[in-house]
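A short reminder: the numbers here are calculations on the coordinates, not readings from a lab. Bear in mind the structure is a predicted one, so any value in this text is a computation, not a measurement. Neighbour counts run over all protein chains shown; Cβ positions are idealised from the backbone, glycine included.
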Amino acid sequence: MEYNAYSQYVSPWKRWGDVPFHYDVLIIGGGVVGCAIARELSRFQVKTAVVEKELDVGFGTSCRNSGVLHAGFNYTPGTLRAYLCVKGNALMDELCRDLKVKIRRIGKLTVALDKDDEATLHRLKAQGDANGVPGLELIGGARMRTIQPGVEGALALYSPSSSILSPYALTIGLAENALDNGAHFHLGQEVVSIAQSAGSGWRVGTASGDSFTAEVIVNAAGLYAAEVCGMAGIMDYHIYPCRGEYYVLDKRLNGTLNALIYPAPKKNSPGLGIHLTPTVDGNILIGPSAQYLDDPADYGCSACVMEDLRREGQNLLPDIRVTDYIRSFSGNRAKRTPPSVGGNADFVIEDRRDKEGFINLLGIESPGLTSSPAIALMVREMVEKHVVLRPNPSFNPLRQGSALFFSELPSEEKADLIAKNPNYGEIVCRCEKITKQEILDAIHNPLGARTLASIKYRARASMGRCQGGFCIPRIARILRDEFGFRPEDFLKSGASSPLFVGNVRPAEAGAHR
Amino acid sequence: MNEKTSAIRTERRDVVVIGGGPAGLAAAIAAREAGCRDVLLIERDRLLGGILNQCIHDGFGLLTFKEALSGPEYASRFIARFDELGIEAKLGTIVLSLSSDRILEVSAMGGYERIEAKAVVLAMGCRERARGAISIPGDRPSGIITAGAAQNLMNLENIMVGKNIAILGSGDIGLIMARRMTLEGAHVQAVFEILPYSSGLPRNIQQCLNDYDIPLFLNTTVTEIRGAGRLEGVKVAQVGQDRSPIPETERYVPCDTLLLSVGLIPENELTREAGIVMDAVTSGARVDDAFMTSAPGIFACGNALHVHDLVDWVSVEAAEAGRRAALFAAGEKNESQRGIPVKPGEGVRYSLPQSVSGEEDFTLSLRVTAPWRNRAVVVRSGEKIVARKMARRLHPAEMMRIDVEKKNLVGCTSLGVTLE
């Protein structure tokens with residue numbers, strides 16, 4: 001079958017005129033790191049753009065993770081991961097407030113189950129203190145159980161700065177605020193070639209045949225970062241995608257977890273072990289697993305891992321019922337360590353001496369989300385060596401809107417909103433109680449992203465227990481009314497993922513109710 | 001949002017029915033006919049009729065009207081009566097919360113308000129089980145959709161969801177959609193059912209599959225989803241006695257669409273929020289023979305109470321719930337849930353109501369655990385048989401009803417329902 005929905009998505013990005021575009025800084029990759037860098041640079045009078053191969057920001061690892069802010073005790077002192085994680089964590093309160101991103105400082109218990117684990121916790125406490133992690137405490141069973149009733153074990157490391165936040169809202173918030181402050185976003189543009197220009201700077205070609213020039217390139221391509229720097233002749237790196245699978249549990253179980261509860265980490269494990277993570281939106285995640293893959297775009301879920309997750313989840317939370325599993329998904333870690341080595345390597349963040357104006361970021365796996373604002377500051381300092389950064393006098397750090405969804409507001413505020421705007425009175429997504437106005441806000445997002453996943457990550461529609469059975473027909477109607485979408489224009493996420501194939505019979509103008 | 005917040009408008013009503021599908025309509029009509037002059041029906045859609053609006057096939061009303069009506073035709077008969085009685089409906093209105101003392105918060109384009117009701121009838125219907133609940137491994141492409149959502153898109157939105165279809169699960173909506181999609185030019189490859197029997201009605205197997213040469217593979221399930229953007233195909237395999245796939249039997253079925261018809265779940269978020277005691281098997285509220293839940297004055301009926309096979313029974317049951325709600329609102333029957341427990345036993349998946357007063361005749365609804373021939377459904381109080389009904393054919397897809405007379409309930413303290 002041929003799908004040709006792509007054209008619907010091209011026009012919004014071409015609003016800045018015709019290619020070729022010239023920028024001071026071109027960021028390759030619209031994940032949380034690329035968006036954080038774009039937002040940081042938008043504080044300055046510098047022409048910045050992000051090129052992203054997907055139809056929206058954050059579709060790679062950034063929206064496919066636990067949504068946890070790490071405290072920073074798991075990383076060797078002196079490494080970038082240790083430094084950037086602690087610094088990034090400390091920057092998050094202000095950032096989330098400005099960008100209207102939900103964050104909850106719920107703290108974490110890393111629990112010892114045996115003597116080996118206890119030794120591990122003592123080591124982690126010392127390591128965390130050395131890294132400057134605030135408020136770390138080793139606590140006994142009684143204290144653990146005042147934080148989380150029912151948790152087993154005699155010793156835990158309590159880290160109050162461990163938190164949860166919405167990874168979608170953060171990535172999108174960074175991008176939209178950067179856009180508001182002058183950064184350009186070119187979505188659906190997959191970089192296929194990078195060459196040094198004759199004079200200075202770089203020329204970047206994309207799969208659609210467009211080209212961009214820039215003084216400075218920032219490689220923030222995540223899972224594809226080795227491939228991207230390879231195009232520029234940097235052959236030193238390899239990325240090993242390592243998949244983590246999750247289950248999402250029904251909100252029925254909301255409130256079960258007061259804190260993050262992790263097992264003590266095992267040596268050379270590629271992840272932090274399967275655990276339960278509450279999300280800021282009220283679900284619980286089981287996961288993530290850790291499995292090395294060849295294909296960085298393989299977001300499948302495997303039978304044996306799903307079975308493991310269900311078994312582990314049941315052990316950790318015996319109250320889970322079959323109907324509580326509402327979805328499974330996976331995300332891939334951009335690891336620099338091959339399966340034979342395991343564990344983690346440090347982030348690479350380098351201003352290449354051999355390639356003037358090429359800033360290279362690789363292996364930004366966990367704690368990449370936490371570190372993102374600190375990475376952005378570090379990259380800004382590197383950019384400053386190549387481009388003059390004068391403050392942008394019209395920079396506005398605040399994003400419009402609210403961190404809370406309509407359904408989370410007190411009744412009186414709901415009543416007021418509906419009185420002002422009747423579209424708040426119509427519920428489109430029944431499970432998550434998302435209003436028509438919130439859907440309209442999501443589909444009219446400034447980035448021009450209009451896939452179902454774009455709406456889902458902004459407005460939560462289809463993320464509930466019916467997984468879109470109720471709201472998708474309604475959203476389809478809204479998209480038709482707002483943009484004249486044909487059925488085949490409505491995409492799940494990628495350009496070749498149409499949800500529908502056409503009309504049942506020829507559509508007549510005005511025939512719909 | 002710094003301006004001062006206004007007080008929320010509050011109104012008092014006698015009977016409030018939540019849901020304007022077949023159950024809500026029948027309940028509201030019966031409440032009005034029982035003498036309640038203040039009945040309010042709340043429906044989130046812009047028109048009455050609920051799921052019937054998208055059920056353009058026939059077969060509705062064979063028991064009630066002795067006619068094979070389409071869904072909209074069946075609904076229109078009730079809507080006509082509803083209008084004739086002058087019952088008020090708030091359309092495009094959703095109930096956002098319900099408390100056990102019957103205070104509702106509702107939201108509509110016209111405003112947000114609070115309603116204090118003397119009696120409430122829960123008639124929210126059911127939703128479809130989605131993919132998460134059945135955990136199919138593999139990719140996550142587009143083209144996987146529940147059968148009811150596909151029906152809504154095709155029949156109400158003129159949207160074709162796919163051309164080359166596989167169907168997982170033999171629930172009735174999946175069977176109906178197999179025929180519907182075939183008639184609209186799609187190729188329906190097969191229906192795969194993990195159980196050794198169909199979970200749809202026999203008449204739908206005949207009229208929707210056999211008549212169109214669509215094969216039904218029993219003891220077979222989908223083991224893997226494949227597709228990068230759009231669905232490209234599924235792997236299917238036969239399952240053993242323990243319902244786990246037999247690897248040697250695995251085969252690949254190319255398709256662009258997978259319809260899921262793997263069960264319905266009563267919609268009871270409001271019910272749970274009100275702290276009402278639920279039944280783990282039906283996923284609906286536990287009710288007595290007046291269809292009253294554990295919260296006095298809150299009644300439940302229709303597919304929100306338990307998933308029905310035929311809409312006719314929904315209407316019958318909901319009418320009784322509506323009548324009881326009217327009596328409660330009038331203060332005539334203002335007691336709490338009644339006490340003789342009714343428990344399902346051997347061969348019975350569930351029975352309903354879960355408790356009875358013993359002071360009135362009642363009808364027991366039940367579903368069996370597996371297909372049987374020539375069995376009796378027996379209701380006992382200890383050793384004493386209080387009701388018995390022979391059936392030549394019993395099927396999990398079909399609901400069974402058995403009448404119990406109060407004269408047989410004298411002195412009984414608990415009832416058991418078994419298949420013998």
Kirkwood-based Rg/Rh on the Cα set of the stretch A:288-420 evaluates to 1.10
Using the crude model of +1 on Lys and Arg Cβ and -1 on Asp and Glu Cβ, and no other charge, please compute the dipole size for the protein assembly as shown relative to its Cα centre, in debye to 20. 700 debye
For each pair in A:Lys433/B:Lys118; A:Lys414/A:Lys436; A:Lys100/A:Lys492; A:Lys125/A:Lys266; A:Lys115/A:Lys266, compute the distance between the two Cα atoms and list the pairs where it is over 18 Å. A:Lys433/B:Lys118; A:Lys100/A:Lys492
Sort largest first and round to whole Å: the equivalent ellipsoid semi-axes of the stretch B:287-338, each the square root of five times a Cα gyration tensor eigenvalue. 21, 11, 7
Protection proxy ranking, peptides A:404-412, A:379-387, B:15-23, A:153-161, average beta carbon neighbours within 10 Å, highest first: B:15-23, A:153-161, A:379-387, A:404-412
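Between rounded, prolate and oblate, where does chain B land on the alpha carbon gyration tensor, with a ≥ b ≥ c its root eigenvalues, rounded for a/c under 1.5, else prolate if a/b exceeds b/c?
Judged from the Cα gyration tensor, chain B comes out oblate (a/c at least 1.5, b/c at or above a/b).
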Cross-link reach from A:Lys355 to lysines, straight Cα distance under 22 Å and at least 8 residues apart if same chain, gives A:Lys47, A:Lys385
Of the options A:Phe500, A:Gly464, A:Ala419, report the single residue whose Cα projects farthest towards the positive end of the charge dipole of the stretch A:418-513 (beta-carbon charges: Lys, Arg +1; Asp, Glu -1). A:Gly464
For a protection proxy built on the mean count of beta-carbon atoms within 10 angstrom, sort A:30-36, B:170-176, A:281-287 highest first, please. A:30-36, B:170-176, A:281-287
Across the Cα atoms of the stretch B:338-420, what radius of gyration and what greatest pairwise Cα-Cα distance (Dmax) are found, in Å? 11.9, 34
Return the average number of partner chain Cβ atoms within 10 angstrom of each residue Cβ along peptide A:163-174. 0
Would you mind classifying the protein assembly as shown by shape? Square roots of the alpha carbon gyration tensor eigenvalues, ordered a ≥ b ≥ c; an a/c under 1.5 is rounded, otherwise it is prolate if a/b is larger than b/c and oblate if not. prolate
The stretch A:302-362 -> Rg/Rh from Cα coords, Kirkwood Rh, value 1.25
Quick one: order A:Lys335, B:Lys118, A:Lys266 by neighbouring beta-carbon count within 10 Å, fewest to most. A:Lys266, B:Lys118, A:Lys335
Any idea which of B:Leu153, B:Pro396, A:Val33 is furthest toward the positive side of the dipole for the protein assembly as shown, if Lys and Arg beta-carbons carry +1 and Asp and Glu beta-carbons -1? B:Pro396
The size of the Cβ-based charge dipole (Lys, Arg +1; Asp, Glu -1) of the stretch A:126-234 about the Cα centre, to the nearest 20 debye, is 240 debye
Expressed as a whole number, the average count of other chain Cβ atoms within 10 Å around the Cβ atoms of A:295-304 is 4
As an exercise, take the mean of 1/r over every pair of distinct alpha carbons in the stretch B:1-81, invert it, and state the Kirkwood radius in angstroms. 14.5 Å
Return the aspartates and glutamates within reach of A:Lys456: Cα separation strictly under 15 angstrom, same-chain partners fewer than 8 residues apart disregarded; answer none if there are no such residues. A:Asp56, A:Asp281, A:Glu432, A:Glu438, A:Asp441
Starting from the 7 Å offset along Cα-to-Cβ, what nm value, one decimal, do you get for the label separation of A:Asp294 and A:Ser200? 4.4 nm
Listing A:Val348, B:Val106 from the residue with the fewest other Cβ atoms within 10 Å to the one with the most, what is the order? A:Val348, B:Val106
Charges on Cβ only, +1 for Lys and Arg, -1 for Asp and Glu, centred on the Cα centroid of the stretch B:297-420; of B:Ala325, B:Leu305, B:Ala387, which one is farthest towards the dipole's positive end? B:Ala387
Can you order the peptides A:364-373, A:222-231, A:118-127 by their average number of other Cβ atoms within 10 Å per residue, highest first? A:364-373, A:222-231, A:118-127
Count, for each residue of B:125-132, the Cβ atoms from other chains sitting within 10 Å of its Cβ, then give me the mean as a whole number. 6
Neighbour-count ranking for A:Glu307, B:Glu269 (other C-beta within 10 angstrom, fewest to most) reads A:Glu307, B:Glu269
Starting from the exponent 0.38 and prefactor 2.2 Å, build the expected Rg for the stretch B:130-262 from its residue count and divide its actual Cα Rg by it. 0.97
Once you charge only the Cβ atoms, +1 for Lys and Arg and -1 for Asp and Glu, what is the size of the charge dipole of the stretch B:130-262 about its Cα centre, to the nearest 20 debye? 160 debye
Quick check: convex hull of the Cα atoms in the stretch A:406-489, volume per residue, rounded to a whole Å³? 91 Å³
One point scatterer per Cα, no solvent, Debye formula: log10 I(q)/I(0) for chain A at q = 0.06, 0.12 Å⁻¹ comes out as -0.28, -1.16
